[in-house]
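Working notes, beginning with the structure itself.
The values are calculated or read from the model by the stated rules, or taken from the named source; none is laboratory data. Just so it is clear, the model here is predicted, and its values are computed rather than measured. Cβ placement follows ideal geometry from the backbone for every residue including glycine, while neighbour counts extend to all protein chains displayed. Heavy atoms of the whole protein, side chains included, go into the accessibility calculation; ligands, DNA and RNA do not. Shrake-Rupley method; radii C 1.70, N 1.55, O 1.52, S 1.80 Å.
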Amino acid sequence: MARIGVFVCHCGENISATVDCGKVAETIGNLKHVAYSTEYKYMCSDPGQTLIKDAIKEHNLTGVVVSACSPRMHEPTFRKACAEGGLNPFLCEMANLREHCSWVHEKNELTTEKAIDIVRTQVEKVKLNSALQPIKVPVTKTAMVIGGGIAGIQSALDIANTGHKVIMIERSPSIGGHMSQLSETFPTLDCSQCILTPRMVEVAQHPNITLYTYAEVESVEGFIGNFKVKVRKKAKSLDEKACTGCGLCTTKCPQKKIPNEFEQGMGMRPAIYVPFPQAVPNRPVIDRENCTYYIKGKCKICEIVCPTKAIRFDQPDEILELEIGAIVVATGFDIKHADFFPEYGHGRYKDIIDGLQFERLASASGPTAGVIKRPSDGEIPKNIVFIACAGSRDPAKGIAYCSKICCMYTAKHAMLYKHKVHEGKAHVFYMDIRSGGKNYDEFVRRAIEEDHVNYIRGRVSTVFERDGKLIVKGVDTLLGAQQVEIVADMVVLATAGVASSGAEDLAQKLHVSYDSHKFFAEAHPKLKPVETNTAGIFLAGACQNPKDIPDAVSQASGAAVKVAALFSQSELTREPLVAIVNRTSPPTYSTCVGCFMCQSVCPYQAIEREEFKARDGKVVKTVAKINEGLCQGCGTCVALCRSKSIDLLGYSNTQVYAEVVALLNEY
Amino acid sequence: MSDFEPKIVAFVCNWCTYAGADLTGTSRIKYASNVKIIRFPCTGRIDFMLLLKAFSNGADGIIVSGCHPNDCHYTSGNFHAKRRWIMFKELMDFMGIDMSRITFSWVSAAEGARWAEVVNTTVTRIRELGPYVSYKELVNKSVEEEVKNG
């Protein structure tokens, strides 16, 4: 006979403020098969867990229901506690009284009634739970890092330095990401390239890292420790082994008027190009969309001039099939561009640029060799206006969040400008200054106090052109909402950071969640910031939300440790919540009739055929069999099975029916 | 009928809607307490016989909710659920079941507010429809007919 123990948690006051926990424990205690029922302030604390462990032994419990928070939060905690108490961990269930009851309802009788119903349902379920043993699966000790920005680089190097193999995928022709575009970095004003490029070279030369640039993830199958990833290596139209990177082809290419992506459209590049001089790998690719040969069928000048005959016009895309144990997603961010800000004239007037364009203007390797020249006529601007929060924290624009990095880089931009144009005037329109971080606020104060940047607290309503000057109309809220009009030579918008293009598509390939802004979702906002909901896939950097370099690097190292911890095990244990096809005695063998409809719906190819043979060796029946290593426990086959021969451990038919019956009937 | 509180069961998937409902809680968005959630790994696991089981046990309304198309944790479970829904909707309608008592929706892990909205609109609708007593009549009638026909 079942002997269930029920443990009602107050969660401080999170549950007990709206739910009468005493009444819940008492009512449940009177139910049949409930051997023990109690309440406690913090079930997840050490004394709380000890309470469960002791009760298991003392009352000889055959099942436990912890009535507390969401199982997505603490199920592993309590299952572990049960195991330590001598009970099979899969005989423990959680009733979600916090997220699904106390936090979403008012304090009244009905809420307590609902809490009782939730607990009752789990009591009925746990009675039917069976003691399961974890499944052991092998681990492929190779990691994949998707994205070659600073976060990806950090993760790849950290994993590689633990002695494990890493495959890095980058979709553009070079690694480096946005950090390689930056001039100098806050709050130290050290040169971005100087700290980044050595790390890029380290990636290329590391014996444990294999780098594929100009490559994208095609598909991802499998599960933690055992992913199968297909990668499309886009044709570079080049034999990389033959190419020496001399760069003759790039100088001879007649097509020279293509806006340079690396320079944010502030400069031009040829059709065969290396994105920037310090690119890794330092080998050109042909941009087939803009190459004269691919458009008109003739040219081939690069092939003629190439001293090593490395050009391959007929090179096809290549699909690599890789066995991967863990994946770090580090695909970074983009910023909002031009047409998003009609009120600021961005995209209409040449001298209104975004933050990344300013970085290129200020960069010694940029299109103006580090001289701040405005795009329209190459003049050095005498009056420059920076507009912070362009798009960010603006629900009307659909972006309610703070992009986090803009306050700091705007202060940096203003300082860089003042350092280069001493007599110039820099104005910053801001909402609030968010400069939390080590030495960050001091940095902003320096911009204001030492470099005399004029900070104006208020928003800009419009920017328009008058007599060749840009008129910035705003308001100064610290001067009683007084209107301010500044005549500027150039305007820089700190545009919102947004998810990288293609993020949604990648998330769907990886089966990880993402938020409404297409940023990848972490498994828990506080305690699992680098994990995703899909085991074995981790996040690093700004693909999760906009973040600065120190944050991105910290998270990347965190993800690397998670990968290393995974790879330190020779085999993984996985939850045994998988489907099974029943077996009976001969001559039936199974109620399965062998229609194999299940095979066609299984997303994991986990359903195999098993043949039963008579003594003479003749096959008498063929039935379905689940490969438990491949099965992920979605249960699609269970709902589909016409003879009800498949069941799902942990969510069996009898369990879910018992839940429905318990939930709807009086007790 | 004003004091009628409907009993509503929600069959949700673990990865999107269950997590979304968790977010509703974390965001402290209030909703009607008539809905009780049963967790499944995936909407693909939800056998439509369960819906009938719920009605026969006195449910006045049902919500089935999972991940948005293309966002399924298991790649395609929600598509199978959707296809099954299209098939069973016709069949159940033909059998005389009041289809307006079933809400089929997608709520992602990031849509806490949407979950509250789905619950509240369903509760309001079921309140207007009143208790689902006709299901029992429907079943009894078919049993009677079976008895009559031997």
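For region A:208-321, which semi-axes, largest first and in whole Å, follow from the square roots of 5 times the eigenvalues of its Cα gyration tensor?
With the √(5λ) rule applied to region A:208-321, the semi-axes are 28, 16, 14 Å.
Return the equivalent ellipsoid semi-axes of region A:73-163 as a descending list in whole Å, where each equals the square root of 5 times an eigenvalue of the C-alpha gyration tensor.
Value: 40, 23, 10 Å, ordered largest first.
In straight Cα distance, which aspartates and glutamates are under 12 Å from A:Lys613, not counting same-chain residues fewer than 8 positions off?
none
Just to be sure I understand: of the beta bridges DSSP finds with both ends in the protein assembly as shown, what percent are antiparallel, rounded to 5?
Antiparallel bridges: around 45 percent, rounded to the nearest 5.
Calculate, for chain B, the solvent-accessible area per residue in square angstrom, rolling a 1.4 angstrom probe over the heavy atoms of the protein chains.
44
List the aspartates and glutamates whose Cα lies under 15 Å from the Cα of A:Lys141, skipping any in the same chain that are fewer than 8 positions away.
A:Asp158, A:Glu323, A:Glu571
For region B:63-150, what is the per residue volume of the convex hull drawn over the alpha-carbon atoms, in cubic angstrom?
Dividing the Cα hull volume of region B:63-150 by its residue count gives 103 Å³.
Taking the alpha-carbon set of region A:40-126, what are its Rg and Dmax in Å?
Over region A:40-126's Cα set, Rg and Dmax evaluate to 13.0, 38 Å.
What's the total accessible area buried between chains B and A, using a 1.4 Å probe, rounded to the nearest 100 Å²?
Protein heavy atoms only, the B-A interface buries about 4300 Å².
For helix B:17-26, what angle does its Cα long axis make with the longest principal axis of chain B, in degrees from 0 to 90 and rounded to 10?
60
Please compute the per residue accessible area over region A:294-385 with all protein chains in place, 1.4 Å probe, rounded to a whole number of Å².
That works out to 47 Å² for each residue.
Which of the trypsin sites (Lys or Arg not before Pro) found in region A:199-301 are in a DSSP loop and have at most 15 neighbouring Cβ atoms, other than their own, within 10 Å?
A:Lys241, A:Lys256, A:Lys257, A:Arg288, A:Lys298, A:Lys300
Which links in A:Lys257/A:Lys296; A:Lys230/A:Lys397; A:Lys412/A:Lys469; A:Lys80/A:Lys644 stretch past 28 Å when you go from one Cα to the other?
Pairs exceeding 28 Å: A:Lys230/A:Lys397; A:Lys80/A:Lys644.
When N is the residue count of region A:496-613, what does its C-alpha Rg come to as a fraction of 2.2 N^0.38 Å?
The reported ratio for this selection is 1.54.
Relative to the Cα centre, what is the charge dipole magnitude of region B:63-147, using +1 at the beta carbon of each Lys and Arg, -1 at the beta carbon of each Asp and Glu, and rounding to the nearest 20 debye?
Rounded to the nearest 20 debye, it is 260 debye.
Work out the length of the dipole vector of the protein assembly as shown about its Cα centre, built from +1 on the beta-carbon of each Lys and Arg and -1 on the beta-carbon of each Asp and Glu, and round it to the nearest 20 debye.
Charge dipole, the protein assembly as shown, about its Cα centre: 1600 debye, nearest 20.
I'd like the Kirkwood hydrodynamic radius of the protein assembly as shown, using the inverse of the mean 1/r over distinct C-alpha pairs, in Å.
Value: 30.2 Å, from the Cα pair sum.
Apply 1/(1 + (r/R0)^6) to the Cβ-Cβ distance of A:Cys191 and A:Ser219, taking R0 = 45 Å, and write down the FRET efficiency to the nearest 0.05.
Between A:Cys191 and A:Ser219 the formula returns 0.70.
Do any GluC sites (Glu not before Pro) in region A:609-667 lie in a loop, going by DSSP, with at most 11 other beta-carbon atoms within 10 Å of their beta carbon, and if so which?
When the GluC sites (Glu not before Pro) of region A:609-667 are filtered for loop state and at most 11 Cβ neighbours within 10 Å, A:Glu666 remain.
Counting only protein heavy atoms, probe 1.4 Å: which residues of region A:596-645 lose 50 Å² or more of accessible surface in the full assembly compared with their chain by itself?
Residues losing area: A:Cys634, A:Thr636, A:Ala639.
Just going by the charge dipole of region A:173-324, with Lys and Arg at +1 and Asp and Glu at -1 on Cβ, which of A:Cys191, A:Ile209, A:Pro284 is farthest out on the positive end?
Sorting the options by dipole projection puts first A:Pro284.
How many partner chain Cβ atoms sit within 10 Å of a residue's Cβ in peptide A:511-523, on average, as a whole number?
Per residue, the number of nearby Cβ atoms from other chains is 3 on average.
Please enumerate, by chain and number, the aspartates and glutamates with C-alpha under 15 Å from the C-alpha of A:Lys114, excluding those fewer than 8 residues away in the same chain.
A:Asp20, A:Glu26, A:Glu99, A:Glu106, A:Glu659, A:Glu666, B:Glu5
So for chain A, taking the charge dipole from beta-carbon charges (+1 Lys/Arg, -1 Asp/Glu), which of A:Ala81, A:Leu577, A:Pro525 sits furthest toward the positive end?
Of the listed residues, the answer is A:Leu577.
Helix A:46-58 versus the longest principal axis of chain A: what angle, 0 to 90°, nearest 10, using Cα atoms?
20
Give me the percent of accessible area attributable to carbon and sulfur for chain A, probe 1.4 angstrom.
Looking at chain A in its full context, I get 52 percent from C and S.
If the limit is 20 Å between Cα atoms, which of A:Lys373/A:Lys404; A:Lys236/A:Lys256; A:Lys32/B:Lys36; A:Lys23/A:Lys127; A:Lys420/A:Lys473 go over it?
A:Lys373/A:Lys404; A:Lys32/B:Lys36; A:Lys23/A:Lys127; A:Lys420/A:Lys473
Kindly state, to the nearest 0.05, the FRET efficiency for A:Glu13 paired with A:Gln483, given R0 = 45 Å and r defined as their beta-carbon distance.
Plugging the Cβ-Cβ distance into 1/(1 + (r/R0)^6) gives 0.40.
If you fit an axis through the alpha-carbon atoms of helix B:134-148 and take the longest principal axis of the Cα set of chain B, what angle between them do you get, 0 to 90°, nearest 10?
The helix B:134-148 is inclined about 40 degrees to chain B.
Given H placed on each backbone N at 1.01 Å, which residues far from A:Ile4 in sequence or on other chains put an amide H within less than 5 Å of it?
Residues meeting the amide H criterion: A:Val34, A:Ala35, A:Tyr36, A:Thr62.
Fully extended, how many nm does the chain gain between A:Asn88 and A:Val137 (0.36 nm per residue separation, minus their Cα-Cα distance)?
15.6 nm
Of all trypsin sites (Lys or Arg not before Pro) in region A:1-44, which ones are in loop regions per DSSP and have a Cβ with at most 16 other Cβ atoms within 10 Å?
A:Arg3, A:Lys32, A:Lys41
Picking from A:Thr121, A:His10, A:Ala507, whose Cα lies most toward the positive end of the charge dipole for the protein assembly as shown (charges on Cβ: Lys, Arg +1; Asp, Glu -1)?
Positive-end residue among those listed: A:Ala507.
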